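For reference, the structure discussed in these notes is given below.
Coordinate-derived values only; no laboratory data. In this text the structure is predicted, and so the values were computed from the model without any measurement. Cβ placement follows ideal geometry from the backbone for every residue including glycine, while neighbour counts extend to all protein chains displayed.
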Amino acid sequence: MACTCFIVGLMLVLMLSTAVFFFVILGVLDLRGPDWKWVRIYGAMVWLYAWQYMAYRWMKRHTTWWTELTEEKK
C-alpha cells in the first residue's frame, strides 16, 4: 500500500509541476522558438528534478510509512 501511495503521489507531483512549468513559467518568460529549445529542455529537467526532490523530502518528513520501510527488522 505504501508503495502504491508513493507512486501515485509522485505521478501527481510530476503532472502538477509539468503543468506549472509549461503554462506559467514558459508563458511568463515567453521562451518560444528554436533558439530557446535547449532552455526549455534543460529547464524542464531541472524543474522536474527539483519538484521530485521536494516531494521526496516532504513524504519522508510528514509520513510514518517511510520510516517503517527503512527501519531494521528486530
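Overview of values
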| item | result |
| --- | --- |
| Residue selected from segment 52-64 under the condition of a type outside the set (S, T, N, Q) and surrounded by 13 or more Cβ atoms within 10 Å (Cβ to Cβ), by the criterion farthest from Leu10 (Cα to Cα) | Met59 |
| Residue in segment 21-51 that is surrounded by the fewest Cβ atoms within 10 Å (Cβ to Cβ), counting only those that are among the aromatic types (Phe, Trp, Tyr) and in contact with a helix residue (DSSP H, G or I) (Cβ under 8 Å, 6 or more places away or on another chain) | Phe22 |
